[in-house]
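Beneath this line is the structure, given in structure tokens, with notes to follow.
The values are calculated or read from the model by the stated rules, or taken from the named source; none is laboratory data. Since this is a predicted model, take the numbers as computed values, not measurements. Cβ coordinates were reconstructed from backbone atoms using ideal geometry, including for glycine residues, and neighbour counts include every protein chain displayed.
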Amino acid sequence: MRGFSGQKVNLNKSAIFFSHNTPQNTRLAIAQTLNIEHIGAQDKYLGLPSIVQKSKKATFGAIKDKVQKRIMGWKRSLLSSDGRHTLLRAVGEAIPIYTLSCFKLPDTLLTEIHSMLSQFWWVQKGAERRMVWIKWDTMTRPKKDGGLGIKDLRAQNLALLGKQCWCLMKYPNSTLSRILKAKYFRYTDFLYAEIGSVPSWGWRSVIEGRKVIEKGLLWKIGSDANVRIFHDPWLPPPVPFNVP
């Protein structure tokens, strides 16, 4: 591994995961030989789930629990509106950015987190219902646009995934780019790569981030790029991006 990347593996930060088809004696032998920790499907590595299960909501449910603990630790009824606003911004920053930049979180999970934050703002307790004077979409707008400047986790998630895609396009020779290319788009370019059969949730998340990037992409004619003139966007606004 050191000869491949130029870096030495830190065994103290390494872990190994086995398929359920691997015999127990084989697992023990490999773990003892490598002298590294053995983790299960429910465990995390560097803050990320080692295995993304079929239920994405269950896989990333710990994020919701973390937000809830952060909120419940404060006596919201004693906080002023400025205090609640400061806390909401702090809670948004508590969401692990690394996770948001690697995986697309389920919409249902993000909706539940947004609901928790909204209830905290309006000082709702449990099943108690109070009048909500401003909808969540308005609260996440910048202050100059009449909002509260609270982060929209769904938009932040897609933005960070889009940033990952930009890095894949800008650095095609990086280790991650070469691994993904070998697995998912060996004979084509990243922009034309398809999801493929049995893709990982990480790759599905990358494709979602690419959709964000594609909205602002424009090919430069004369840059030695293989532009598909009838399919790729190359005409600047206000002319339609694609040739009809």
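Key figures for this structure:
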read-out: All positions within region 137-158 that are surrounded by fewer than 15 Cβ atoms within 10 Å (Cβ to Cβ) and part of a helix (DSSP H, G or I); value: D137, T138, K143, K144, D145, A155
read-out: Residues of region 192-244 classified as modelled with pLDDT under 80 and among the β-branched types (V, I, T), total; value: 5
read-out: First in region 183-199 and touching a residue at least 40 places away in the same chain (Cβ under 8 Å) and on the phi > 0 side of the Ramachandran plot, second anywhere and surrounded by 13 or more Cβ atoms within 10 Å (Cβ to Cβ) and part of a loop (DSSP other than H, G, I, E, B), Cβ under 9 Å, 6 or more apart; value: none
read-out: Failed condition for A182, given (1) of a type in the set (A, V, I, L, M); (2) surrounded by 15 or more Cβ atoms within 10 Å (Cβ to Cβ); (3) over 20 Å from the mean Cα position of the chain (by Cα); value: (2)
read-out: Any hit, region 199-210, residues being surrounded by fewer than 14 Cβ atoms within 10 Å (Cβ to Cβ), more than 18 Å from V227 (Cα to Cα) and either in the same structural domain as L100 (by TED's automatic domain parsing) or among the charged types (D, E, K, R) (or both); value: no
